[in-house]
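Below is one structure, written out as structure tokens, with a few remarks after it.
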Amino acid sequence: MEYDYLVVGQGIAGTMLSYSLLQAGQRVLVIDAYKPNSASRIAAGVINPVSGRRFEMAWLYNELYPFAKQTYTQMGQLLGVPAFTERDIWMALPSEQLRTAFNNKTTQGPARQYTCPADAALMDAWLQQPFGAAIVKGATVLLHHLLPAWRRYLAERELLLETQLHPAALLHNAAGVQYRRLRARAIIFCEGAQIIHNPWFTQIPFLLNKGEVLQVRVPGLQTENILKKSITLVPQAPEVFWAGSTFVWDYTDEAPTPEKRAFLEQGIQQMLKVPYTVLNQQAGIRPSGKDRRPIMGLHPQHPALGLFNGLGTKGCSLAPYMAHLLTMHLLQGAPLPPETDIKRYFNR
Ligand SMILES: Cc1cc2nc3c(=O)[nH]c(=O)nc-3n(C[C@H](O)[C@H](O)[C@H](O)COP(=O)(O)OP(=O)(O)OC[C@H]3O[C@@H](n4cnc5c(N)ncnc54)[C@H](O)[C@@H]3O)c2cc1C
């Protein structure tokens, strides 16, 4: 079977790259071994314009956000599922110091257009917010709809192979790749954290990190807003919220732990005034690069092997625009932004 591109992985990276390549008229086959706790399957899908405790504007946000909104909305229409929702992020400010930091950053400078004051009284029955609250204009990607719907779309068109790709069986040269009976001009690895087992990209210093999340029921709490204090509650269904997340560099396995459940529950108790019950706990591994920027492009020594990885904590905002840039690079030779280009790890 002849293709233009094999895409390995159907997390958010492989989903958006395969969508972008198909939109550009390419023949694409996605190869994915379903992994229930892949980063994309357990992420909340939050898009937040400000990040960290200093409330800095997220990198490239003014380019990333409009592109993401448009692309997810178009995909949702194509697939007949809700894929994207703009949401307010209700921030219960956790201390006087952070209230000052937030006000300093958001009353002037680029973050201003994405924030506004909140009438804290509206949530006082539910949230502990002695230092007040503020609103950040964010969004969520509805990954639990989008990823299965894209998988069905691919499967119905025979564009999906549900299997683990074994690198040892992959033949490649400058003209293309062959994997068993499949041939293509190039293969693009969107393997998430499993990239560390890929023999061709071992020189890239991936810094993976583990995140854990809870699913909780909060009786009576009905809101479309994301609620944030030291942890984040993201609405999933009436009274049901995703609660996360933790961030650990140093871990031994992918299993959920009692310590992180206790940590997350402590965060929930510091935020909520009302009782809740835990429904579920999950853990997954975020694929990050050392410099926390995407890593993409073709291998300088093996030009039929490509990479789309390093989406870190921001896969949902980064993936659509980065997939578009990578598609333009593959099809038209358009240069990649240097800080995302895989070559930065080979020039040294
Ligand atoms: C707890 C947690 C919360 C998060 N919350 C958010 C959030 O709110 N907003 C946000 O933007 N980001 C969030 N993230 C980060 C986000 O999840 C990641 O940036 C993103 O999911 C990475 O996507 P990916 O496609 O690169 O990798 P993955 O999602 O890991 O997907 C990789 C896929 O490739 C498949 N695969 C790998 N190797 C092979 C192979 N050899 N053969 C076949 N298949 C293969 C895997 O099975 C998997 O399906 C969160 C992450 C975690 C862990």
Pairs needed: first member in region 56-72, under 19 Å from residue 147 (Cα atoms); second member anywhere, of a type in the set (Val, Ile, Thr) and outside any helix (DSSP H, G or I); C-beta distance under 8 Å; at least 6 residues apart or different chains. 68/47; 68/141; 72/141
Given (1) free of Cβ contacts under 8 Å to residues at least 12 places away in the same chain; (2) within 16 Å of the ligand (Cβ to nearest atom), identify the lone condition not met by residue 15. (1)
Checking residue 213 against (1) assigned to a loop (DSSP other than H, G, I, E, B); (2) in contact with a Ser or Thr (Cβ under 8 Å, 6 or more places away or on another chain); (3) in the same structural domain as residue 275 (by TED's automatic domain parsing): exactly one of these is not met. Which one? (1)
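Are there strands (runs of 3 or more DSSP E) fully within region 102-203 with at least 2 residues that are of a type in the set (Gly, Ala, Ser), away from the ligand (no atom under 16 Å from the Cβ) and at negative phi? List them.
Hits in region 102-203: 133-141.
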Cβ-Cβ under 7 Å pairs, at least 6 apart or on other chains, region 147-162 side within 14 Å of residue 1 (Cα to Cα), far side in a helix (DSSP H, G or I) and not aromatic (Phe, Trp, Tyr): 160/151; 160/154
So for region 270-279 (the condition being among the hydrophobic types (A, V, I, L, M, F, W, C) and without any contact (Cβ under 8 Å) to a residue 24 or more places away in the chain), does at least one residue qualify? no
Would a scan of region 191-205 turn up a residue that is in the same structural domain as residue 312 (by TED's automatic domain parsing) and closer than 20 Å to residue 21 by Cα? yes
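Determine whether region 331-348 contains at least one residue that is assigned to a loop (DSSP other than H, G, I, E, B), surrounded by 18 or more Cβ atoms within 10 Å (Cβ to Cβ) and basic (Lys, Arg).
Among the residues of region 331-348, not one is assigned to a loop (DSSP other than H, G, I, E, B), surrounded by 18 or more Cβ atoms within 10 Å (Cβ to Cβ) and basic (Lys, Arg), which makes the answer no.
The values are calculated or read from the model by the stated rules, or taken from the named source; none is laboratory data. Since this is a predicted model, take the numbers as computed values, not measurements. Glycine also receives a Cβ, built like all others from the backbone with ideal geometry; neighbour counts cover every protein chain displayed.
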